[in-house]
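Undergrad: Sharing a structure below in structure tokens format, with a few things to ask.
The values are calculated or read from the model by the stated rules, or taken from the named source; none is laboratory data. This one's a predicted model, so the numbers in the text were calculated from it and none came from an experiment. Every residue, glycine as well, gets a Cβ built from its backbone with ideal geometry; the counts of neighbours run over all protein chains shown.
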Amino acid sequence: MESIKDPILQIKDVSIAYGNNKRAVKNVTADVAKNTITAIMGPSGCGKSTLLRAINRMHELYKAIHVTGEILLNGENVLLMPPTEERRRIGMVFQRPNPFPTMNIYDNVLAGYILNGIKLSRAEKDEIVERNLRNVMLWDEVKDSLTKRGTFLSGGQQQRLCIARSLALQPDILLMDEPTSALDPIATKYIEDLLVQLKNEVTIMIVTHNMSQAKRISDYSMFMYLGELIEYDDSSVMFTNPKDERTRSYLTGKMG
Amino acid sequence: MVRDKNLQIRIFKNRLLYIVVCVFSALTAIPLLAILGEVLVRGWKQLSWTFLTEATPNAFEAMMAMSAGDPMPGGIANGIVGTFVMLLVAAVIAIPVGIFCGICLSEFKGNWFATVVSYITDLLQGTPSIIIGIIVYIWVVVPMKGYSGFAGSVALFIMMLPLIIRSTEETMNILPETLKEAGLALGGSYWRVMLQVMVPSAFGSIFTGILLAISRVIGETAPLMFTALGGAAISWNISRPMSAVPLMIWEFFNDPNLQSLIWGASLFLLTFVLCLNLLAKRIQKKWKV
Ligand SMILES: Nc1ncnc2c1ncn2[C@@H]1O[C@H](COP(=O)(O)OP(=O)(O)O)[C@@H](O)[C@H]1O
Ligand SMILES: [Mg+2]
């Protein structure tokens, strides 16, 4: 692969260990291109989630997880930033939709502002809510029920609400950990289309164990195996002509 | 045909088991119903507006009414006011402290502070209430040179605390971890996420725990004897001795002239506890996490 110019994110020699000796991610180095979708693939347990969660420092919530190496966002080491600021710039969408159960749809979109103690005028709030719900193609479905709780929506709608909630803070990067694995095929298709549209605004890194999904939507693909980044390339190259034997056998369904 | 017969036997067994279960549940319900019935039958005649709004009659008035065959004058308003004020003060302190400790216990498992709090909570929960009364007597009544409603509140606070701590802790434990992660992933600070996402999500269960804690301590008599002491007049002043409904039941029992008031007071207390429990059940259902 040609080297990526002006990467928005640089992962440099990152290793992550659970406890003292269980290394789940081993010396991963990769640059991520701006306004693209990068898929992270690999058999289950290979360290995809572990790597992704290091990028917005979710590991700091748990003792005994050690991250070494550097992660640079626009050249700035994220591991040295204040975590609250860093996480505002790098959003995350989880496997199971998790709108805040006590907040209505309106407040769920604004949750990032509420939790950061940022005061907004009514007009600003309305504007943010409408823009972001339109962005995830949810506005028409919920515009008459903004005061209902988010948990009343269908799974696919909830996940789109969660994406809107992350986008509302206008992050540079959106991390997604198997965001469609809990959804039905139609809701999945909807979200895939959505992501392709969204990459004009935000750089997306998506963990998926669904190869055809990665093939459909991603510009770049990483293949991980046993904690190592085995191959990283243009998706078009990776899916037609993988270089590593392990990648090839994974993509042809002979592994995991 | 054979299969049909088998089926019939199974249906019969099923019915039999069902009946056995019903009988046994009825058996366990009997003592409860008997208590309720006894209190209801003996107490309902006492209940009236004046019973709820007037203070304890003095012994002389009571004696006169009794010998004349009139209904007993006065009521238990001094106890109701005292119970209300002391519970309110106790709850106002116990709720924030209990919720905070509960969060700490569930969040910082294994940390020395959490371990200490956890031990103390267990210890408090197992301490007989009369001992709590004596301790508060030494710690509050003696230094403040007198019995007071405040001392009573402190005793009730100590009794409510472990219940609120445990119910908060248990609720926080069953909230999904991703809820917290989602809040933090939006850049929320730890305590903001705790107070604006986690605690509200757990609110229904925590509130239920609070109601149950109140219903658990509302009938406590022993610790109040050493602290609030009791009083015959309606008093809102927390720095002075105060009465409480369970204390009054004890006083009525000890005064031959007032004994007929026992049942009205008991009925009041029992009804209140029952309502609190029903309310708690409903809230728990509605706010299920
Ligand atoms: N909290 C944890 N404690 C210890 N080991 C863990 C923990 N989470 C994940 N692991 C281990 O780290 C490895 C990578 O896990 P993960 O990143 O979740 O894989 P993936 O997302 O690719 O399925 C696995 O071997 C897993 O068992
Ligand atoms: Mg995973």
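Undergrad: Can you work out which of the residues in the range A:1-26 that are closer than 13 Å to A:G69 by Cα and among the polar types (S, T, N, Q) is nearest to ligand 2 (Cβ to nearest atom)?
TA: A:S15
Undergrad: Separate question: Of all residues in the range A:215-230 being under 15 Å from A:D193 (Cβ atoms) and within 14 Å of the chain's Cα centre (by Cα), which is nearest to ligand 1 (Cβ to nearest atom)?
TA: Filtering first and then ranking leaves A:S218.
Undergrad: Another one. Looking at the range A:232-245, which of the residues that are surrounded by fewer than 19 Cβ atoms within 10 Å (Cβ to Cβ) and more than 22 Å from the chain's Cα centre (by Cα) is nearest to A:S221 (Cα to Cα)?
TA: A:V237
Undergrad: Sticking with this structure for a sec: Take A:L120 and tell me if it is crowded, with 18+ Cβ neighbours inside 10 Å and either within 16 Å of ligand 2 (Cβ to nearest atom) or free of Cβ contacts under 8 Å to residues at least 12 places away in the same chain (or both).
TA: Taking the combined requirement at face value, the residue does not satisfy it.
Undergrad: Right, something else. Taking only pairs six or more apart or across chains, which ones have beta-carbon atoms under 7 Å, a first residue in the range A:196-211 that is within 14 Å of chain B (Cβ to nearest Cβ), and a second residue that is more than 16 Å from ligand 1 (Cβ to nearest atom)?
TA: A:M205/A:V32; A:M205/A:I173
Undergrad: Looking at B:T115, B:T83, can you tell me which residue is among the polar types (S, T, N, Q) and modelled with pLDDT of 95 or more?
TA: The conditions single out B:T83.
Undergrad: If we only count helices (runs of 4 or more DSSP H) wholly inside the range A:148-223, which ones have 3 or more residues that are more than 24 Å from A:A30 (Cα to Cα)?
TA: A:155-167, A:185-198
Undergrad: Criterion first (under 22 Å from A:V93 (Cα atoms), within 16 Å of ligand 2 (Cβ to nearest atom), within 14 Å of chain B (Cβ to nearest Cβ) and within 17 Å of the chain's Cα centre (by Cα)) does A:A39 satisfy it?
TA: For A:A39, the condition - under 22 Å from A:V93 (Cα atoms), within 16 Å of ligand 2 (Cβ to nearest atom), within 14 Å of chain B (Cβ to nearest Cβ) and within 17 Å of the chain's Cα centre (by Cα) - is not met.
Undergrad: Report whether or not B:L47 is in contact (Cβ under 8 Å) with a residue 24 or more places away in the chain, part of a loop (DSSP other than H, G, I, E, B) and surrounded by fewer than 18 Cβ atoms within 10 Å (Cβ to Cβ).
TA: Yes.
Undergrad: I want to confirm something. Restricting to the range A:56-78 and keeping residues that are at the interface with chain B (Cβ under 8 Å from one of its Cβ atoms) and part of a helix (DSSP H, G or I), which single residue is farthest from ligand 2 (Cβ to nearest atom)?
TA: Residues of the range A:56-78 at the interface with chain B (Cβ under 8 Å from one of its Cβ atoms): A:56, A:58, A:61.
Retained after the next criterion (residues that are part of a helix (DSSP H, G or I)): A:58, A:61.
On the way: A:M58: 12, A:L61: 16 Å.
Only one residue tops the list, namely A:L61.
Undergrad: Separate question: Would you confirm whether any residue within the range A:166-175 is surrounded by fewer than 20 Cβ atoms within 10 Å (Cβ to Cβ), away from ligand 2 (no atom under 16 Å from the Cβ) and farther than 21 Å from A:M238 by Cβ?
TA: yes
Undergrad: Given (1) at positive phi; (2) without any contact (Cβ under 8 Å) to a residue 24 or more places away in the chain, identify the lone condition not met by B:L229.
TA: Evaluating B:L229 over (1) at positive phi; (2) without any contact (Cβ under 8 Å) to a residue 24 or more places away in the chain leaves (2) as the failure.
Undergrad: Which members of the range A:79-111 meet the condition of being more than 8 Å from chain B (Cβ to nearest Cβ), more than 16 Å from ligand 2 (Cβ to nearest atom) and in a strand (DSSP E or B)?
TA: A:I90, A:N104
Undergrad: Going through B:I103, B:I76, B:I132 one at a time, which residue ends up being aliphatic (A, V, I, L, M), under 19 Å from B:T271 (Cβ atoms) and either surrounded by fewer than 20 Cβ atoms within 10 Å (Cβ to Cβ) or in contact with a helix residue (DSSP H, G or I) (Cβ under 9 Å, 6 or more places away or on another chain) (or both)?
TA: B:I76
Residues checked against (1) modelled with pLDDT of 95 or more; (2) more than 29 Å from A:E86 (Cα to Cα):
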{"position": "A:D177", "(1), (2)": "yes, no"}
{"position": "A:E201", "(1), (2)": "no, no"}
{"position": "A:Q213", "(1), (2)": "no, no"}
{"position": "A:Y220", "(1), (2)": "yes, no"}
{"position": "A:L229", "(1), (2)": "yes, no"}
{"position": "A:Y232", "(1), (2)": "yes, no"}
{"position": "A:D244", "(1), (2)": "no, yes"}
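Undergrad: Considering only residues that are assigned to a helix (DSSP H, G or I) and β-branched (V, I, T), look in the range B:189-227 and name the one that is farthest from the other protein chains (Cβ to nearest Cβ).
TA: B:V217
Undergrad: If only one of A:I114, A:I118 is assigned to a loop (DSSP other than H, G, I, E, B) and within 11 Å of chain B (Cβ to nearest Cβ), which one is it?
TA: None of the others qualify; the one that does is A:I118.
Undergrad: Counting just the residues of the range A:42-55 that are away from chain B (no Cβ under 14 Å) and hydrophobic (A, V, I, L, M, F, W, C), which one comes out farthest from ligand 1 (Cβ to nearest atom)?
TA: This residue is A:L51.
Undergrad: A:I11 - would you say it is more than 7 Å from ligand 1 (Cβ to nearest atom) and away from chain B (no Cβ under 14 Å)?
TA: yes
Undergrad: Quick check: anything in the range A:68-85 under 23 Å from A:D172 (Cα atoms) and within 14 Å of the chain's Cα centre (by Cα)? Before you say what the answer is, go through the steps one by one.
TA: Restricting attention to the range A:68-85, the residues satisfying the condition of being under 23 Å from A:D172 (Cα atoms) are A:68-85.
Checking which are within 14 Å of the chain's Cα centre (by Cα) leaves us with none.
Checked the range A:68-85: no residue is under 23 Å from A:D172 (Cα atoms) and within 14 Å of the chain's Cα centre (by Cα).
Undergrad: Do we have A:K26 as more than 13 Å from chain B (Cβ to nearest Cβ) and within 16 Å of ligand 1 (Cβ to nearest atom) here?
TA: When the stated conditions are applied, A:K26 passes them.
Undergrad: Can you pull out every residue in the range A:139-169 that is within 14 Å of chain B (Cβ to nearest Cβ) and of a type in the set (V, I, T)?
TA: A:T151, A:I163
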